[in-house]
Amino acid sequence: MFRPETRLVPPESGAGFQFPFDTPYAIQLDLMRSLYSTVENGGVGIFESPTGTGKSLTLTCGVLSWLRDYEVAVARELVERIERLRSEIGRLERETAGAVDWISGQFETMGIKKELGELKGVKDLMDEYGKRLEELKEKSMKVKRRKFGRVKKEKEEIIGEEDKPEVVGEDDYLVGDSDEEAKDEVEEENERLQYKPVQVIFCSRTHSQLGQVVNEVRRTEFGKLIRLTTIASRQNFCINQEVRKLRSNALINERCLELQKKSAKATAVDEDQNARKKRKVVEQCSFYNRQAIEDLKNDSLFEVQDIEELVTFAKQENACPYYASRVAIPDSQLLMIPYQNLLHRGTREQTGIDIKNSVIIIDEAHNLLDTISSIHSQEMTLEQLQQARLHLNAYKTQYFARFSTKNLLKINQLLFIATRLGKLLESPPAGAKVQSRMIQTHELMTEGDFFNLNLQEILQFADKCRIAQKVHGFAQSVPQSVLQGASKKRPEAKKPAKSALKDYLKQLEKDVTEKDKNKKTVEEVNQPNPEEKREPIMNAIRPLLSFIGCLAESFDDGRVLLSHNGNDSKKSTMKYLLLNPGARFQEILTSCRSIILAGGTMQPVEELTEQLFKHCPERVQLRSYRHVVPADAVLPLAISKGPSGKELLFNYANRQNSDLLNELSSVLANLCQVVPHGVVCFFSSYDYLDQFYTNLQQSGRLAKLEERKRVFREPRGSAQVDKILADYSKAARQWSGSQTGALLLSVVGGKLSEGLNFSDELGRCVVVVGLPYPNRTSPELMERMRYLDRTLQPPAGNEYYENLCMKAVNQCIGRAVRHIRDYASVVLLDARYVSSEKIRRKLPVWISEGMQCVERYGQAHGSLVRFFKGKGGK
């Protein structure tokens, strides 16, 4: 990869960053300059910029300005260096002509010529790449003319050789030995011969957040030039109504793959006109059209589009936006992707994203460690394991005589692992109705008696042969009786656990011997009744392979939690827990050029640096910015005692304390008297919220509260959230009559604590009740804390426990003050906020620096009166 020698310097003003407004705020300019320098130096940046400070716009302007300058520098310096080397070769040839020591001169010349040849090769690849982009742009213009009706649209279905309807039968479910290895080698060779420019990969938690960033890019001059592609799931992109109506993302994925090979029955005959076997004729998804997909890709590359716009145009073109976005990846300068597509290696490779030498921006990165752990954890129920065993057994029985010895071995190994894992859950230990135990991965493999199987080889076989798709396709294509019948044909005798592997090897030897004796054609697949309408079934093999993939990683990085359900054994589970997220992140860190972690509330950041960047602390640059609003636009208060002088200590021991609940209701009643418009109050859990609400009703205080403000409560289910929010917004803006504004009772970590905007009248005051510590007796949490204490030294585990709490608090605080003209008060109700400086240090800088800690509520009430009076009372 050619890199310019000139060190790029960040622009001095907003105009140099193509900032869409005349003058950026000081913190915006500083963030853009710092980001630019961090990327240029190949560093790691951790940037905390409060929500409402234009963080997304600032990030995109900063990184795209660097990309613009970098591409110019590469093109310029490549030409200059080639010319310089040519001049140097000419000089050396003149000096060595007739010289006595001509050998040394020739040797030096040869080295320069070699470097020149390499640079010319890079230049040629760049020129070819530029020409191809021009061709794509021309094709895009043709698509646009058709799109806007300037050219009469003549829809012609152009189907490539690979897209022609093909005849498939039961052989399509049979694993073969070709394994696409030669194809992979050809593709790798082609990739080596292509120029790969630097890509910027922008990653965020949700598609709606990515859509907001796309809109910010559109507001800048970069929006007219940048090649941007948004990657999303089939659930977001699919335009096939038959597929969209399925109830889960997993079913949508499987159905999409099936429709690329979906078929109807037909009977083939041999040369003597005898019916040979039932065959199937492909009926592909009508939107899976190569030419239409190519046209859609070209259009999306040269016009910035969000998901909704791409889907709309895809419907007009009858082209699949899911596959169009993926084929656009290599030619994109800016990729917008959700967490999963970046942080999970398998998903990243399957999507076709190459992170080598790229610049990665991870937005909303406050929960990055937990996100990595969650993405790489895998849970399986006993029912899934039994389903996997059933499908594998039926598949093996159907094609037994036609498998190669190698493939039969791997399928038997998969079947053996599924069986042994299931038996570990089928036999719960005596005792409580639900019992769990945490074991290391090598202990699970030892108990399961498959510790000496090569899991990596099994996974490679499954990937190359697409075993999950084929077994699932087979299970979908046959009646349930075939699946159940196979398990009855080959019952597995009960064996003692000690001899499980030995018996398995004997069975395998017997299978191979039986296979060698019988090379006859297999029985024809039992076809389902065409009138019978079957519900789509979940793919049971994919979660099994994912779980095996977790076990194949480093033993010390994870644990397995076995949970036995005495009431319903099928709900018994085994869950792989990733304890070392840094190990999975290391590959990303070493492959890319630079990583930027950004968020509105990144505090506390110590655990990020300790777990993700402990091997390269010199690369890390930390910037934490105040809010763009004036200091007097935010009033942060920590209150230790209520109006009657009772201590506000909302710990577990006081959960049932009715006096404390009454004191809390008095605090809220007083707040509602002085705070205009909307008040949002966050509780530690739904149970505690319900307990408080019941106390309000029974004590008659709810009616008194509603004399001043309407009271709303966050629902447990998601169905009513939108309605509650709409009603609350309408009531919060009301400022007439006796009822002025509204009070919204919410839950920390619930549906309203992240990603929602309580700006202006919707959030003039945010209240956090207590410290929302997670359940310390949770087996998962206990194991993570023990692991951190062992690897990072105590009290790393306790720090992690506290950080989980404070990150949740910080997210609640971030719901208010969303723009420069906004203002609000933040009230933290718990004596521990007042007494512990350590807790206050973990709050956002723009809160902790101006925090007022008061003993009695009366002191806080006076500050609130003065604060809102200074804002005009509204």
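The values are calculated or read from the model by the stated rules, or taken from the named source; none is laboratory data. What you are looking at is a predicted structure, and each value in this text was computed from that prediction instead of being measured. Because the Cβ atoms are built from the backbone with ideal geometry, glycine has one as well, and the counts that use them run over all protein chains shown. When the accessible area is computed, the model is the full protein with side chains, heavy atoms only, and any ligands, DNA or RNA have been set aside. Shrake-Rupley method; radii C 1.70, N 1.55, O 1.52, S 1.80 Å.
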Self-check item: Condition met for Val674 (touching a strand residue (DSSP E or B) at 6+ places or on another chain (Cβ under 8 Å) and either at pLDDT below 95 or not basic (Lys, Arg) (or both))
Solution: no
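Do we find that Ala266 is farther than 20 Å from Met538 by Cα, open to solvent by less than 40 Å² (accessible area, probe 1.4 Å) and modelled with pLDDT under 85 in this structure?
yes
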Quiz item: If we only count helices (runs of 4 or more DSSP H) wholly inside the stretch 761-874, which ones have 3 or more residues that are closer than 23 Å to Val628 by Cα and out of contact with any strand residue (DSSP E or B) (no Cβ under 7 Å at 6 or more places or on another chain)?
Solution: 796-813, 857-870
Quiz item: Just checking, which of Ser718, Ser666, Ser699 is modelled with pLDDT under 95, surrounded by 13 or more Cβ atoms within 10 Å (Cβ to Cβ) and not charged (D, E, K, R)?
Solution: Ser699
Self-check item: In the stretch 544-561, residue most open to solvent (accessible area, probe 1.4 Å) [restricted to those that are part of a helix (DSSP H, G or I) and within 16 Å of Gln413 (Cα to Cα)]
Solution: Ser546
Quiz item: For the stretch 403-434, what are the residues that are at pLDDT 90 or above, open to solvent by 30 Å² or more (accessible area, probe 1.4 Å), farther than 19 Å from Ala552 by Cα and not polar (S, T, N, Q)?
Solution: Lys406, Lys423
Exercise. Pick out the one residue from Arg655, Arg619 that is open to solvent by 40 Å² or more (accessible area, probe 1.4 Å), within 30 Å of Asn41 (Cβ to Cβ), in contact (Cβ under 8 Å) with a residue 12 or more places away in the chain and of a type outside the set (Gly, Ala, Ser).
Key: Arg619
Exercise. State yes or no: is Asp632 surrounded by fewer than 16 Cβ atoms within 10 Å (Cβ to Cβ), in contact with a helix residue (DSSP H, G or I) (Cβ under 8 Å, 6 or more places away or on another chain) and not in a strand (DSSP E or B)?
Key: yes
Quiz item: Within the stretch 765-779, restricting attention to residues that are touching a residue at least 12 places away in the same chain (Cβ under 8 Å) and open to solvent by 20 Å² or more (accessible area, probe 1.4 Å), which residue is nearest to Arg821 (Cα to Cα)?
Solution: Tyr773
Quiz item: If a residue has to be surrounded by fewer than 19 Cβ atoms within 10 Å (Cβ to Cβ) and closer than 16 Å to Val667 by Cβ to count, how many in the stretch 862-874 make the cut?
Solution: 3
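One line per residue, one yes/no per condition, for (1) touching a Pro at 6+ places or on another chain (Cβ under 6 Å); (2) over 17 Å from Phe222 (Cβ atoms):
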| site | (1), (2) |
| --- | --- |
| Phe21 | no, no |
| Asp30 | no, yes |
| Tyr36 | yes, no |
| Gly45 | no, yes |
| Asp69 | no, no |
| Val72 | no, no |
Quiz item: Before we move on, is Glu663 part of a helix (DSSP H, G or I) and free of Cβ contacts under 8 Å to residues at least 24 places away in the same chain?
Solution: yes
Quiz item: Of all residues in the stretch 723-738, how many are open to solvent by 70 Å² or more (accessible area, probe 1.4 Å) and modelled with pLDDT of 90 or more?
Solution: 3
Quiz item: Looking at Asp354, Asp370, which one is within 26 Å of Ser140 (Cα to Cα) and not polar (S, T, N, Q)?
Solution: Asp354
Self-check item: Residue ID - farthest from Asn41 (Cα to Cα), chosen from residues in the stretch 1-12 that are open to solvent by 60 Å² or more (accessible area, probe 1.4 Å) and of a type outside the set (D, E, K, R)
Solution: Met1
Quiz prompt | Residue in the stretch 465-482 that is farthest from Pro536 (Cα to Cα), counting only those that are β-branched (Val, Ile, Thr) and assigned to a helix (DSSP H, G or I) | solution = Ile467
Self-check item: Residue satisfying all of: in the stretch 814-844; among the aliphatic types (A, V, I, L, M) and more than 28 Å from Asn798 (Cβ to Cβ); surrounded by the fewest Cβ atoms within 10 Å (Cβ to Cβ) among these
Solution: Ile820
Quiz item: Residue check: is Ala365 of a type in the set (A, V, I, L, M), under 30 Å from Ser753 (Cα atoms), open to solvent by less than 20 Å² (accessible area, probe 1.4 Å) and touching a residue at least 12 places away in the same chain (Cβ under 8 Å)?
Solution: yes
Quiz item: Consider Glu706 against the criteria (1) charged (D, E, K, R); (2) open to solvent by 60 Å² or more (accessible area, probe 1.4 Å); (3) touching a helix residue (DSSP H, G or I) at 6+ places or on another chain (Cβ under 8 Å): it satisfies all of them except one. Which criterion is unmet?
Solution: (3)
Quiz item: Quick one: how many residues across the stretch 305-322 are buried (at least 23 other Cβ atoms within 10 Å of the Cβ) and under 26 Å from Ile588 (Cβ atoms)?
Solution: 1
Quiz prompt | Qualifying residues in the stretch 13-40 (those that are assigned to a helix (DSSP H, G or I) and hydroxyl-bearing (Ser, Thr, Tyr)) - the one surrounded by the most Cβ atoms within 10 Å (Cβ to Cβ) | solution = Thr38
Quiz item: Which condition breaks for Ile82 when tested against (1) out of contact with any Gly (no Cβ under 6 Å at 6 or more places or on another chain); (2) more than 30 Å from Gly111 (Cβ to Cβ); (3) open to solvent by less than 20 Å² (accessible area, probe 1.4 Å); (4) aliphatic (A, V, I, L, M)?
Solution: (2)
Quiz prompt | Near pairs, Cβ below 7 angstrom, 6+ apart or cross-chain, from the stretch 794-813 (surrounded by 21 or more Cβ atoms within 10 Å (Cβ to Cβ)) to any residue that is of a type in the set (Phe, Trp, Tyr) | solution = Cys812/Phe682
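Among Val72, Val79, which is assigned to a helix (DSSP H, G or I) and within 33 Å of the chain's Cα centre (by Cα)?
Val72
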